[in-house]
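Student: Next up is a structure, given as structure tokens.
No lab work stands behind these numbers, since they all come straight from the coordinates. Treat the numbers as computed from the prediction; the structure is a model and nothing was measured. Reconstructed Cβ throughout: ideal geometry from the backbone, glycine too, with neighbour counts over all protein chains shown.
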Amino acid sequence: MTDQGDTHFYEPTKGHGLPHDPFNAIVGPRPIGWISTRGADGSVNLAPYSFFNAFCYTPPIVGFSTTGMQKDSLRNARETGEFGWSLVTRGLSEAMNATCAPVPYGTDEFELAGLTKAPSRLIQAPRVAESPASFECKVTHIVDLKGHDGRPAQGWLVIGEVVAVHINRSLLKDGIYDTFNSGVVLRGGGPSAYAAIDPDNRFDLIRPR
């Protein structure tokens, strides 16, 4: 790594030389995928993933990335081919944080965080009843991530088609989803940084035609 004037330069394979890896702070704030799954044994899991995003409009496709084969969400998605996503809001941020706890497989994080299970329509995994928006997803791909040299990255990208959507009607303003009043929470950098979007964050741009 080198300091070139006002620029800190490093090659990730050689270390960043900083107190905390800046990579995921630069790519941010990032939406949180609050992923619910059900295992083949019937157990339920709920876990937040900040490596989450949307990738396609038609059909609607989302995905989350996990590190380590031991992650319960990955295991359950492989076993059942399904997962749910629920919106994390500012009011639910403490509950979201509670679901980060490293607990044994089969532990019900809904109960751990004091959350209510809402039945899904098209998948077996429940949704977070307290969340104002959620997706039901069917797995389309599970990608073993690799470096440019072909070596395994110890990360897996789970991609799924959104087959059902639930939205609290209070967030539909003249038929348009109100992102800025949803209380959406995003992950920032470092070990503890988050951000909340509200109407004061909004600005509008008209795309060129």
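Student: For labels at THR58 and ASP178 in the simple 7 Å Cα→Cβ model, what's the distance in nm?
Tutor: Result for the modelled spin labels: 2.9 nm.
Student: So, one more: In deg cm²/dmol and to the nearest 500, what is the mean residue ellipticity at 222 nm of the chain if only DSSP H runs of at least 4 residues count, each as -39500 (n - 2.57), divided by the residue total?
Tutor: Rounded to the nearest 500, it is -2500 deg cm²/dmol.
Student: Got a sec to turn the phi values of the stretch 102-114 into Karplus ³J(HN,Hα) couplings, 6.51 cos²θ - 1.76 cosθ + 1.60 with θ = phi - 60°, whole Hz, x for Gly and Pro?
Tutor: In residue order, the calculated couplings are x, 10, x, 4, x, 5, 8, 5, 4, 5, 4, 9, x Hz.
Student: Taking amide H atoms as placed 1.01 Å from N in the peptide plane, list the residues 5 or more away in sequence, or in a different chain, whose amide H sits under 5 Å from that of ARG127.
Tutor: Close amide H contacts, sequence-distant or interchain: ALA118, SER120.
Student: Rounded, prolate or oblate: which fits the stretch 1-146 when a ≥ b ≥ c are the square roots of the eigenvalues of the alpha-carbon gyration tensor, with rounded for a/c under 1.5 and prolate only if a/b beats b/c?
Tutor: prolate
Student: Using only Cα atoms, locate the centre of the stretch 175-201 and the centre of the stretch 62-126, then give the distance between them in Å, rounded to an integer.
Tutor: 20 Å
Student: If I model a spin label at ASP144 and GLU94 as a point 7 Å from the Cα along the Cα→Cβ vector, what separation in nanometres do I get?
Tutor: Using points 7 Å along Cα→Cβ, the separation is 4.3 nm.
Student: Considering amide H positions built from the backbone, and no H for Pro or chain starts, which residues 5 or more places from TRP34, or on another chain, come under 5 Å of its amide H?
Tutor: TYR49, SER86, VAL88
Student: Straight-line reach only, C-alpha to C-alpha below 28 angstrom: list the lysines that LYS173 could link to, leaving out same-chain residues fewer than 8 apart.
Tutor: Within the straight-line limit of under 28 Å, LYS173 reaches these lysines: LYS117.
Student: Quote to one decimal, in nm, the extra length available between ALA101 and VAL27 on full extension: 0.36 nm per residue of separation minus the C-alpha distance between them.
Tutor: Full-extension gain reported as 24.2 nm.
Student: Among SER192, SER50, which comes first, second and so on when ranked by fewest other beta-carbon atoms within 10 Å?
Tutor: So the ranking, lowest neighbour count to highest, is SER192, SER50.
Student: Pop a pseudo-label 7 angstrom from the Cα along the beta-carbon direction at both ALA164 and PHE203 and give the gap in nm to one decimal.
Tutor: Label-label distance for ALA164 and PHE203, simple model: 4.1 nm.
Student: If you don't mind, another one. Which of the lysines could a cross-linker bridge to LYS14, judged by Cα under 20 Å and excluding same-chain residues fewer than eight apart?
Tutor: LYS146
Student: A further question on this structure: Convert each backbone phi in the stretch 137-151 into a coupling constant with the Karplus relation 6.51 cos²θ - 1.76 cosθ + 1.60 (shift: θ = phi - 60°), then list the ³J(HN,Hα) values in order as whole Hz, x for Gly and Pro.
Tutor: Each residue's phi maps through the Karplus curve to give 10, 10, 5, 10, 8, 10, 9, 6, 6, 9, x, 5, 8, x, 6 Hz.
Student: Mind checking which aspartates and glutamates have their C-alpha under 13 Å from LYS138, skipping anything on the same chain fewer than 8 residues away?
Tutor: GLU79, GLU82, GLU161
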